[in-house]
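Undergrad: Below are the structure tokens for one structure; questions will follow.
The values are calculated or read from the model by the stated rules, or taken from the named source; none is laboratory data. Model, not experiment: these values are computed from the prediction. Cβ placement follows ideal geometry from the backbone for every residue including glycine, while neighbour counts extend to all protein chains displayed.
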Amino acid sequence: MVKKAVRKRKNLVYTDSPEIRSYYVNNVVVKSTPWDIEILLGQVKSVSDDAVHVEHQCQIYMSPEHALSLIFTLRTQLDRFEKKYGKLRTFGTVTTVSLSPRELTAASASSEKK
């Protein structure tokens, strides 16, 4: 008789750091390299005829595997939200910019100098 290995699930215990901060964001920029995903969360501060001015509030780096988990978690939460409150509608402009790893490195270096 072959016994199945029983894997006991551990409880997750969450604690807020004393430095935890809350941000309201209405702009997201996502960049990626072969090694990680960078998420810049920002807030639109002003809009003029020729530009939208965004102030970045938070920068997050994670592995592609964690980003995939985040996508799954967000999709699950949005599905629950829509079941409870109704279908969400999209608005505004979605802009997608694709950069090669070399272009991304150059753009990051350029923004760090400013």
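Undergrad: Restricting attention to the range 24-39, which residues are over 21 Å from E55 (Cβ atoms), hydrophobic (A, V, I, L, M, F, W, C) and either outside any loop (DSSP other than H, G, I, E, B) or touching a strand residue (DSSP E or B) at 6+ places or on another chain (Cβ under 6 Å) (or both)?
TA: Let us first name the residues in the range 24-39 that are over 21 Å from E55 (Cβ atoms), namely 32-37.
With hydrophobic (A, V, I, L, M, F, W, C) added as a condition, the list becomes 35, 37.
Of everything in the range 24-39, just one residue is over 21 Å from E55 (Cβ atoms), hydrophobic (A, V, I, L, M, F, W, C) and either outside any loop (DSSP other than H, G, I, E, B) or touching a strand residue (DSSP E or B) at 6+ places or on another chain (Cβ under 6 Å) (or both), namely I37.
Undergrad: Moving to a separate point now. Report yes if E38 is surrounded by 10 or more Cβ atoms within 10 Å (Cβ to Cβ) and among the charged types (D, E, K, R), otherwise no.
TA: Working: surrounded by 10 or more Cβ atoms within 10 Å (Cβ to Cβ): yes; among the charged types (D, E, K, R): yes.
The answer is yes for E38.
Undergrad: A follow-up question, please. From the list V25, V2, V44, which one is of a type outside the set (G, A, S) and exposed (fewer than 12 other Cβ atoms within 10 Å of the Cβ)? Spell out how you get there, then give the answer.
TA: Working: V25 fails: exposed (fewer than 12 other Cβ atoms within 10 Å of the Cβ); V44 fails: exposed (fewer than 12 other Cβ atoms within 10 Å of the Cβ).
Testing whether each residue is of a type outside the set (G, A, S) and exposed (fewer than 12 other Cβ atoms within 10 Å of the Cβ) leaves just V2.
Undergrad: Of the residues L70, L104, L88, only one is surrounded by 10 or more Cβ atoms within 10 Å (Cβ to Cβ) and either modelled with pLDDT of 65 or more or outside any helix (DSSP H, G or I) (or both); which?
TA: On the way: L104 fails: either modelled with pLDDT of 65 or more or outside any helix (DSSP H, G or I) (or both); L88 fails: surrounded by 10 or more Cβ atoms within 10 Å (Cβ to Cβ).
Selected residue: L70, the only one of L70, L104, L88 that is surrounded by 10 or more Cβ atoms within 10 Å (Cβ to Cβ) and either modelled with pLDDT of 65 or more or outside any helix (DSSP H, G or I) (or both).
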